Amino acid sequence: MLEQCTKSKNHQKVVTLHVWEEQKEKVRLNRLSKSGKLFYKYRKEQVERSFADSKELDYAIISYAELKELQNKHCFQL
């Protein structure tokens, strides 16, 4: 059985984690909490909407100055 789990000579399996693994887990737990689910529900109406609007208007990559001009021209805020 041990030979199936690892091929190392000392029979120890080494698991390496990403440097942000702890923060990623905290974010995941926060997202799955009651308040996180409520926030995520409204995220699609707020955050995703601005991306959809910009995509529809072909505003792929714009500078901050262009953003201010577009906000004034099209009367929308991010």
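Modelled label positions at H18 and R49, each set 7 Å beyond Cα in the direction of Cβ, lie 3.0 nm from each other. In order along segment 48-55, the phi-based Karplus estimate (6.51 cos²θ - 1.76 cosθ + 1.60, θ = phi - 60°) of 3J(HN,Hα) comes to 5, 4, 5, 5, 5, 4, 5, 5 Hz; Gly and Pro are listed as x. Put a dot 7 Å past the Cα of Q4, heading toward its Cβ, do the same for Q71, and the two dots end up 6.1 nm apart. Distance in nm between label sites at E25 and K41, each 7 Å beyond Cα in the beta-carbon direction? According to this spin-label approximation, the distance is 2.9 nm.
FYI, it's all coordinate maths here, none of it is from the lab. This one's a predicted model, so the numbers in the text were calculated from it and none came from an experiment. Glycine gets a Cβ as well: all are built from the backbone with ideal geometry, and neighbour counts include every protein chain shown.
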